[in-house]
Every structure is written in structure tokens, then in C-alpha cells.
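S.K.: Can you read through this structure? Questions will come right after.
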Protein chains: 2
Amino acid sequence: KIVSEVITALESLKSDYKIDYKVEIVGSYAKDTWLSGEADIDIFLLFSPDLPQESLGYYGLTIAKKAVENLGGRWFERYATHPYIEAEVEGLTVDIVPAYAVETPDKIISPVDRTPFHTRYVKSRIDEEMKSQIRLLKKFMKGIGVYGAEIKVQGFSGYLAELLIIYYGSFIEVIKNASKWKPRKVFIDLERFYSERERKKLLKIMPGAMVVIDPVDKARNAASALSIQKMCEFVAASKAFFKSPNVEFFFPPKPEIDQSRLENLLKSRETDILAIVTIVPKLAEDIIWGQIYKSLDGLETLFKKYNFKVLSKGAWLSKNNDLVMLYEFETAKLPITEKHLGPPVGSENENDFIFKYVNSPNTIAGPFIEGSRWIVFRKRKCTTASEVVKVYYEEARLGKHIYESFNMKMQILQNQDILKLTSIDGFKEFLHSWLVKKPFWLKK
Amino acid sequence: KIVSEVITALESLKSDYKIDYKVEIVGSYAKDTWLSGEADIDIFLLFSPDLPQESLGYYGLTIAKKAVENLGGRWFERYATHPYIEAEVEGLTVDIVPAYAVETPDKIISPVDRTPFHTRYVKSRIDEEMKSQIRLLKKFMKGIGVYGAEIKVQGFSGYLAELLIIYYGSFIEVIKNASKWKPRKVFIDLERFYSERERKKLLKIMPGAMVVIDPVDKARNAASALSIQKMCEFVAASKAFFKSPNVEFFFPPKPEIDQSRLENLLKSRETDILAIVTIVPKLAEDIIWGQIYKSLDGLETLFKKYNFKVLSKGAWLSKNNDLVMLYEFETAKLPITEKHLGPPVGSENENDFIFKYVNSPNTIAGPFIEGSRWIVFRKRKCTTASEVVKVYYEEARLGKHIYESFNMKMQILQNQDILKLTSIDGFKEFLHSWLVKKPFWLKK
């Protein structure tokens, strides 16, 4: 009822603003394929492609705000690839998105213009039974942690899940087939746009772990956001589910985690674990997670440069934007002595090398000859991983906002001290699963 | 005088044994190029090539022993490539070696048959001045530790030093030229047997760090026993000497080493040093050192297999055949956790991997998926380098006699405990130079 009120309110403003547009519900709400507790209601305002982009933003947002105000609701301006309005009307959240009403998907101006075509395509291809199969698949994907095309997850989008059900026919057929998928080998083309030969070529050149040709746009891979990691997790979980189906896949168990269990996990592995803690600014999820992943890799490279062996890494963001980056090392403490390879005997820079090290206070042993090369045992610049971060983080490739966050605040905790962070809501659960590493669905 | 007495005694036995042979003095004594304090007097008994090899040994040794007995001396049977007699006559040590008198070096039956040709060649090419230049070069090589073609040293033979003086003309010319040598690039052909094109080919195929065509046998590299290590040490020391000549090169300083200095050297580097101590049987030097070097490499490979990073290694043999093998590690203690890479997701042996680790007591975390692969954090087999040696030395490629020695006795000492070994005569000096690593001649 509220949705139709919003639609009516939006429609009624056409004459006030003397501009024509179509109001259309899109997304999982329109398709009746949403997961309970996550109804995203997306209403698109579709303007003529003749309207300049600046005007689209202006009219789109103004009309949306006005309609919400007329209904006594609240609105917030948001930004994904384009600006849109998140509205709260009588307790219901509705996204109102301005876009272009193009004739065919190959004429789209911005990626959001494609969404109505996706919605129409899926609606035209599914019946009631398939809707529940889609919900089942989405719930499965969510349970095992591969649902969501956003950068944080890099998993399966809702649309991709829908296409898989349309293609394979049912949840169990998706599972059965997916359990045999191999990364970079799967090519799905519902509308049979391509010949066998073209498929092979496209598999090689299209980015993504698998190729699912978008049925409304044959030049687009609907699975391009899927990482090999998430695809492989889905494959392995499908295989496990097919072998021994279990409701836990859909409703993952939530283990009780007490402090002493965490303490024990940290201690018994004998490795060194470092937590780098900062606070990042409020930004769009995709932007901040893009920067987090970039920084996670950048610091790993930095640690390797200073000879620390990284076994595992991970990042966690609290609701209040506390960022915790975790690294596990074989050891976070190295001896002061570092073996440094110099030039070959008889090479041009031999003299410089000898001159630099022969009586240097940084020389521990040598210079000496090993085989045909000069070698020196010298003092290491950094003997602990925590020093590497503190002193040299500016050398690392970091996301801009992460770099700025580090400049403002950087707290380094090691091993048992990391448990202090369990006061932040949700960290305990993240740390536990990051340490245990075994997916909950993996059984003997 | 004693030498001529020995020769006369040997000559006089020809009629007793009814066999003809020539008695010839060879080696540095014959050439007058020996280093003071190391006069090796080598007397060869040269038999006809018609004599079968068994008879050569029989007659050669019998005649040698008899002659020594006639002079009231003592003899010991020794074995290098062939058996020979080490004789002590009136306090003088003389080696008496049976060999074949062949017409030309290409007709030799055993390598020792070549020695008289080497002696004759050198004698025919040197004058008094060159003799002293040869002595100077040998003393220099000895001082910097590259003199001796035996397996322990893998350096320059006396004959090779003589050829270098003949080729370059003087000690300082050898030094000047050698300071520009590069390994596997030097080709010296005194008798100009080969054309430019042939030289290039031979450089590629002849083994050794450099090629010095034997002037009495053009198919032989007189430098084949020289290692790249020792060649490079000679090159670098030559360069240093040429830049700033110093008597220390010929008479190396012997540093006073006290226990506290060694203690400090061991401690301040923060690495872990392991000493593996055993007792090896009395064998020919070349045989035991061949086995020591093989074993040194074999154990290094073993350490690497168990993920211990070796920075340096070395071996020392006492006069009483105590063998000490030293290894320096970044760390000799690793955490119990080891990251183990499993098969790709979807591969054939995926199930075996999961089955093996999913509920194993050896699993610390996982199995989990990283990219497209299964990974497990599992318990390490060995967490200390000393455990690796003690438990798994049988897995290593070891010299036969070293392996047997380990079976009889193996003592492992680590860090400061190694200082207990300084009670063995000469070990302190070895340990000191092995830790310091800088050649004494290396100055700023």
C-alpha cells in the first residue's frame, strides 16, 4: 500500500515540474524474489534520453524529495554510481533512483538504466515455483557468504542468482551443476547469442571467474564482479551440499565464542598475529572496501619487502567505521642479522659495495665471497613487523582514505592484546572465524 | 745428500729384481720452486708401459720398501689415485711413487704418469728469477687460502701457479691480470694449441672456473680442480693487493681470540647457530673432504625441506678427526603452525585432502579456500633445526662415512654451547673466522 502511495505521489508531480517520466518498480521486490528481512524496494524515475545528465540529477532528486515530503516521510541523498534518494515513509525504506528510459539496453547512458530491463527480463521468465527456487538459492549463497556483488563480498548478485535458476531450472540443478564448475571454464549464454567458437574466445577475454552473458546485453558479463575465491567457495559448498544436504547451509550456526576460546586459538598456533586498528571516514561501501582491499595487499607487499612471511590476512569494519586489519606471520620478530647479496666479484659496483660495508657499523659479518658473489651480513632495518607498519606505512600502496586514516590514528596490537578489541560489537565473531578458517559447512 | 742416497739405493735394486726402470725426481723439489717448510720430495720409479698394472704395484712398492730398509729408514704404504710409499730416511720424508715411463703425455696409463712431463716442462721454461716469482705467488695464494688443488681447498695447484708465472712472466703481472679475471671467461693456452674459435668452444665445455690448457697435454685443463669460489677469492685479493700491496697477504695476521670475543660474536648477531659434532674415520684427505662437502650440502637441503633458512654453512676437521659442521639459521625455531598448500578446488584429489585434514588433530586452521586452492594450517613435523638433524638425517644425501659416523656419534650444540668445542685445538680460530667472514686482506 505504501509503495503504491509513493508511486502515486511521484506520478502526480509530472504536471508541477512540466516534465514527463515513467515510474517503475524494479529489483527483487518487483520480481517477488527478495529474501525475507531484506526487501529492497527500488523505484525508478525513467526520463527521456534527451534530457541532459545534469538535469536528470536535478529533476530526479527534486521530484523524489518533494514526493517523499508530500507523504510526510524523510529522505537522504545517497550515491552509488549515480545519486539517488533513500526515503523513509511510514517506517518503510524505499530507494528512488533517477534513470533514463532507453529503448534497448545497448542504448543505455548509465549502468542503472539497464536495471529495468533486467527486472522485466526476469519477470517474463519466472513463475511462482521459480520464485521460491530463486529465494532458496539466494538464501544458500547468503548462508555460505558468497551473496552480493559489492566489492566487500565480490560474490553473486541477486540478478546472477536469478539467471542461474532460469538457466538450470531449479535450486538443486544449480547446486548439482555448480559442484562441477571450474574457474574460468564456465560459459552460460541463456539467449544463445554466441556460437561455440565465439564462446571459447569470450571465455578468454571477458573478465571474471565465470561468464554469464547478460540476456539483455550480449556484450556484458553478468558475473564480472564475481571473484575466483567466491566462485570456488560456492563450488565447494555446492559439492558438500549435494553430497549431504543440510539446513545449516541456509541457516548457519552461530557458535558461542568465549574469551578463553579465543585466547587459546591465538596462543596454540604459536604464530604472531598483528592487528592494525584505525578509524575510516563514512563513505560508500564499495569505495571504502575497494580501498581496504588495496591497502591489505599493499601492506602485505610491504611486510614481504622487509622479509616477514605473511600466512594470512583479513579486514573487518565495525558499524562505527573502526577498521581492523589482521595479519598472521610465521614470526613477527626477526634477528638483527640479514644476509644481503652484493654484486658479483669483478663487477663494476664491487668497489662501492665493499666501501659501503667493509668498516660499517651496520656490518655484522663480511663482506665475503660466496661462489662468485659478494655477500654481507648486515643489520636489518626493521626487526619487527609492527615497526614495519609504524615506520614505513608511507612506502606501501594504500587506499587514499586508509592512508589518511593511518595518519590520524594507528594502533598496533599483537597476539593476546588483540583480544582488547572484542569490546567492539561483532569483532569477536569475525576474529573467531578468521582464526578457525574452516567454513562451517565443511564436514568430514 | 739423503735424496741422492735414496736414488742410488733405488737404482741399485734393478739387478736384484731383474727389471728395468728409471728413477726420476719430480715436483717442486725437482723444480726448485717449493715453499719453505713444505718440501715435498717426490721420487718416481718409471717402469715400461709393457708391464701389467698389477706388476707395477708389486714391483714398485717392493723395490721402494727394500731401498728404504737398506738405508735404515721407515716406510708407510699410502694411497692417492695409486698406491705409493712414504719413506722416512734420516729425518727426511720422501714419497716414492711407481709410474709408467710413457713416450708422450697422450699415452699415459694413470694420471701420475703425467707428473714427470710437468716437471720437465716447467724446468725447461724457468730461470732463477722465475723460481723466486713462483715461490712468491705460491706464498701469496697460501696466505689468502687458495693454494692447493685438493678437494678440501679446491684452489690452485703448484703446477698451475708455475704455469701462471711462465705465462704472465712475473708475480706482479699475474696479480695485475688476475685482478681483472672473470669466472668462466679466462682461457690460457701457453703453447697456442688452439685457434680463437676453438677457445670459445672449449671455454664452454671444459669444466672448471677457468681454462689453463696443460702445455704437455692439450686435452687437459690444468685448472679443472679450481672452484669458482677460490678463483673469485684470488681475483678479489689480487685486486686488493694491486691497489695496496702489503706483506700481510703473504704472512696473514693471527688474531688473538679470547672466549668473551667469541661469546659476543655469537650473541650479537641474534641468529641461531648449530654445530653438529661427530668423529670420522681416518681416510685419505680427498675422500673424507669429498664426503664432508657432500654431507654439508645434503644437510642444507634437508633443513630447507623443513623450512629452516640457512644463512651460512661450514665444516672443520680436527687433527684427531673430530668433525664439526656449522650451520647458521635466521632462526632454528619455527612455530608449530605451517601453511600447507592443497589441491585446486574441483580437482580430483580435493576430497582426499579435505578428508585428511578436516577433523585431523594435526589441523590448526582450515581447510579453507584461498583463491582457487585449498589450504590448511597444520602442525609442523619439526619445529627446531636440531630436531631435523637428530630425527631425519637419514633422509639427507650424506657421504657414506659421514652417515656411518652420525650413526655412531652425533652431538648437537647450539649458540653459546658451541664454545665448549674450543677445547679442541684449532677450533677457536676456525669458529672466529667463520663468524667474522671478512677476509683479513679486505681493507677500506
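The numbers here are math on the coordinates, done by the rules we state, and not lab data. All values derive from a computational prediction rather than experimental measurement. Here Cβ is always computed from backbone atoms with ideal geometry, including for glycine, and neighbour counts include all displayed protein chains.
S.K.: If r is the Cβ-Cβ distance from A:Phe76 to A:Met410 and R0 is 41 Å, what FRET efficiency results, to the nearest 0.05? Write out the running numbers ahead of the final one.
M.R.: Working: r = 31 Å, r/R0 = 0.76.
Taking R0 as 41 Å, the efficiency between A:Phe76 and A:Met410 is 0.85.
S.K.: Select from B:Val112, A:Leu266, B:Gln154 the residue farthest towards the positive end of the dipole of the protein assembly as shown; place +1 on Cβ of Lys and Arg, -1 on Cβ of Asp and Glu, and compute about the Cα centre.
M.R.: Comparing the listed Cα positions along the dipole, B:Val112 ranks first.
S.K.: Just want to confirm a number: the relative contact order over the stretch B:337-379, from Cα pairs under 8 angstrom separated by 6+ residues, in percent.
M.R.: 50 percent
S.K.: Using only helices, what value at 222 nm comes out for chain B when you add -39,500 (n - 2.57) per DSSP H run of length 4 or more and divide by the total residues, to the nearest 500 deg cm²/dmol?
M.R.: It comes out at -12000 deg cm²/dmol, rounded to the nearest 500.
S.K.: Can you work out which chain A residue has the shortest Cβ-to-axis distance for the rotation that carries A onto B, and give it in Å?
M.R.: Measuring from each Cβ to the axis, the minimum is at A:Thr331, 3.
S.K.: According to the square roots a ≥ b ≥ c of the eigenvalues of the Cα gyration tensor, what is the shape class of the stretch B:337-379, taking rounded for a/c under 1.5, prolate for a/b larger than b/c otherwise, and oblate for the remainder?
M.R.: Taking the square roots of the gyration eigenvalues as a ≥ b ≥ c, the stretch B:337-379 is oblate.
S.K.: Need the C-alpha centroid separation for the stretch A:129-208 versus the stretch A:234-269, integer Å.
M.R.: 24 Å
S.K.: Something else now. Give the angle, between 0 and 90 degrees and rounded to the nearest 10, that separates the Cα long axis of helix A:2-11 from the longest principal axis of the Cα atoms of chain A.
M.R.: 80 degrees
S.K.: So what J values fall out for the stretch A:178-183 if you push phi through Karplus, 6.51 cos²θ - 1.76 cosθ + 1.60 with θ = phi - 60°, rounded to Hz, Gly and Pro as x?
M.R.: Result, rounded to whole Hz: 4, 5, 10, 4, 10, x.
S.K.: Can I get the semi-axes of the protein assembly as shown's equivalent ellipsoid? Compute them from the C-alpha gyration tensor as square roots of 5 times the eigenvalues, in angstrom, largest first.
M.R.: Each semi-axis is √(5λ); the values are 81, 29, 27 Å.
S.K.: As a footprinting exposure proxy, order A:Val112, B:Val211 by other Cβ within 10 Å, with the fewest listed first.
M.R.: Ascending number of Cβ neighbours within 10 Å: A:Val112, B:Val211.
S.K.: Starting from 0.36 nm per residue, how many nanometres of slack lie between B:Glu128 and B:Tyr293 once their C-alpha separation is accounted for?
M.R.: Contour length minus Cα-Cα distance gives 55.5 nm.
S.K.: Amide H neighbours of B:Arg373 under 5 Å, at least 5 residues apart or on other chains, H built in the peptide plane: list them.
M.R.: So B:Arg373 has HN proximity to B:Val345.
S.K.: For B:Lys182 and B:Lys333 in the same chain, what is the full-extension length gain: residue separation times 0.36 nm, less their Cα-Cα distance, in nm?
M.R.: That pair, B:Lys182 and B:Lys333, stretches by 50.4 nm at full extension.
S.K.: Sticking with this structure for a sec: For the stretch B:396-407, just list the computed ³J(HN,Hα) in residue order, Karplus coefficients 6.51, -1.76 and 1.60, θ = phi - 60°, integers in Hz, with x standing in for Gly and Pro.
M.R.: Ordered by residue, 3J(HN,Hα) equals 7, 7, 10, x, 3, 6, 5, 4, 5, 4, 4, 4 Hz.
S.K.: Taking the Cα centre of the stretch A:154-289 as origin, sum charge times position over the Cβ atoms of Lys and Arg (+1) and Asp and Glu (-1), and report the length of that vector in debye to the nearest 20. Please report the intermediate quantities before stating the final value.
M.R.: Details: 21 positive and 17 negative charges, 156 e Å.
Computed about the Cα centre, the dipole is about 740 debye.
S.K.: Can you tell which of B:Lys379, B:Lys123, B:Lys309 shows the greatest fluctuation in a Gaussian network model of chain B with Cα springs below 10 Å?
M.R.: B:Lys379
S.K.: Return the FRET efficiency for the residue pair B:Asp286, B:Asn349: r is the Cβ-Cβ distance, R0 is 60 Å, and the value is rounded to the nearest 0.05.
M.R.: Here the calculated transfer efficiency is 0.80.
S.K.: Let me ask something else about it. Taking the Cα centre as origin and putting +1 on Lys and Arg beta-carbons and -1 on Asp and Glu beta-carbons, what dipole magnitude results for the protein assembly as shown, to the nearest 20 debye?
M.R.: 240 debye
S.K.: Hey, another quick one. Going down the list B:Lys304/B:Lys339; A:Lys180/A:Lys319; B:Lys309/B:Lys437, which pairs span over 26 Å between their C-alpha atoms?
M.R.: From B:Lys304/B:Lys339; A:Lys180/A:Lys319; B:Lys309/B:Lys437, over 26 Å: A:Lys180/A:Lys319.
S.K.: Taking the label point as lying 7 angstrom from Cα along the Cα-to-Cβ axis, what are the distances from A:Tyr403 to the corresponding position in the remaining copies, in ascending order and in nanometres?
M.R.: 5.8
S.K.: Please work out whether the stretch B:2-110 counts as rounded, prolate or oblate from its C-alpha gyration tensor, where a ≥ b ≥ c are the square roots of the eigenvalues and a/c under 1.5 means rounded, while otherwise a/b larger than b/c means prolate and anything else oblate?
M.R.: oblate
S.K.: Treating the point 7 Å from Cα along Cα-beta-carbon as the label, what are the nm separations from B:Glu90 to the other copies, to one decimal?
M.R.: Computed spacing set for this position: 13.1 nm.
S.K.: Rounded, prolate or oblate: which one fits the stretch A:126-249, using the alpha carbon gyration tensor with axes a ≥ b ≥ c (rounded when a/c is under 1.5, else prolate when a/b beats b/c, else oblate)?
M.R.: Since a/c reaches 1.5 and a/b is larger than b/c, the shape of the stretch A:126-249 is classed as prolate.
S.K.: Along Cα→Cβ at 7 Å, what distances in nm separate the B:Gly314 label point from those on the other copies, shortest first?
M.R.: Output for B:Gly314: 4.6 nm, nearest copy listed first.
S.K.: Hey, can you grab everything whose amide H is under 5 Å from the amide H of B:Ser312? Only 5+ residues off in sequence or another chain; H modelled, so Pro and N-termini drop out.
M.R.: B:Glu328
S.K.: Another question about this same structure. By how many nm would the segment from A:Ile2 to A:Asp20 grow when fully extended, if each residue of separation counts as 0.36 nm and the alpha-carbon distance is taken off?
M.R.: The span from A:Ile2 to A:Asp20 would gain 4.2 nm if fully extended.
S.K.: Where does helix A:128-143 land angle-wise versus the long Cα axis of chain A, in degrees 0 to 90, nearest 10?
M.R.: With both axes taken from Cα atoms, the answer is about 20 degrees.
S.K.: Whole-Hz ³J(HN,Hα) for each residue in the stretch B:352-361, computed from phi via Karplus 6.51 cos²θ - 1.76 cosθ + 1.60 with θ = phi - 60°, x for glycine and proline: what do you get?
M.R.: 4, 4, 4, 4, 5, 10, 4, 10, 6, x
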